[in-house]
Amino acid sequence: MTRWRAFTAVLAVAATTLLAACATQPVRAPIAGDAQQHQLAREQALAAQSQWSLQGRVALSNGREGGSGRIDWRQDGARYRVVLDAPITRQGWQLSGDAGHARLDGLAGGPREGDDPARLLFEATRWEVPVAAMSDWVRGAPADEARHGPATRAFAADGRLAGLAQDGWILAYDDWRPAAGELPELPGRVEARRGEARVRLVIDQWGAEPLP
């Protein structure tokens, strides 16, 4: 099986899961024009918007264990703050930092710090979350190819982005929200998977709230 066929096969499974979850969502009109050009225009708009935020729900799995909760993500260029709150277990954590430093608060044993937020989070929680790349992926755009390698895009029948493959991760997108103000079209559901690692996001609200 070629790399492209493997990507489309895995993407089909992820997209089926998202579509089943979105069965009650209204059907959006197809985009006007070429899908590649539409996506390129989105990516250019996203690159120009360094400050953004999202609030929603996240589910994490490592193949043996899973967890879920509310998520609040705020980004300003390289600076970020990601807060996860699991009300059922009354647990949560906050990951914050910039391009060269990360700090994880809220877990037993006190704060943890390091230069790689993904490694810091994995060592503390065993959750595999590609934090640096997800700041682009969650908005439906490839991460920096110089750091994460080339990306492959796939499009749905309506012309919108359906999936990305980059750095060993497969991402599926659905429930696209219309452009509003300075915000371009953004996904309402995102699933990222690599091996047994899964990150599923349902975004309730996109915005541009600043970091505190």
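The values are calculated or read from the model by the stated rules, or taken from the named source; none is laboratory data. Since the model is a prediction, treat every value here as computed from it, not as a measurement. In this analysis, Cβ positions are derived from the backbone assuming ideal geometry, glycine residues included, and neighbour counts consider all displayed protein chains. Note: areas computed on protein heavy atoms with side chains; ligands, DNA, RNA excluded. Shrake-Rupley method; radii C 1.70, N 1.55, O 1.52, S 1.80 Å.
Numbers at a glance
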{"item": "Residue, farthest from ALA143 (Cα to Cα), within the stretch 99-121, restricted to residues that are open to solvent by 80 Å² or more (accessible area, probe 1.4 Å) and of a type in the set (A, V, I, L, M, F, W, C)", "result": "ALA108"}
{"item": "Among the candidates VAL138, VAL199, VAL129, residue that is of a type in the set (Val, Ile, Thr) and at pLDDT below 95", "result": "VAL129"}
{"item": "Which listed residue is under 16 Å from the mean Cα position of the chain (by Cα), open to solvent by less than 30 Å² (accessible area, probe 1.4 Å) and polar (S, T, N, Q), from GLN205, GLN166", "result": "GLN166"}
{"item": "Among residues of the stretch 160-194, those that are not hydroxyl-bearing (Ser, Thr, Tyr) and not in a loop (DSSP other than H, G, I, E, B), counted", "result": "21"}
{"item": "Number of the exception - GLY181 against (1) over 17 Å from the mean Cα position of the chain (by Cα); (2) in contact (Cβ under 8 Å) with a residue 40 or more places away in the chain", "result": "(2)"}
{"item": "Qualifying residues in the stretch 123-155 (those that are free of Cβ contacts under 8 Å to residues at least 40 places away in the same chain and crowded, with 16+ Cβ neighbours inside 10 Å) - the one nearest to the chain's Cα centre (by Cα)", "result": "ALA133"}
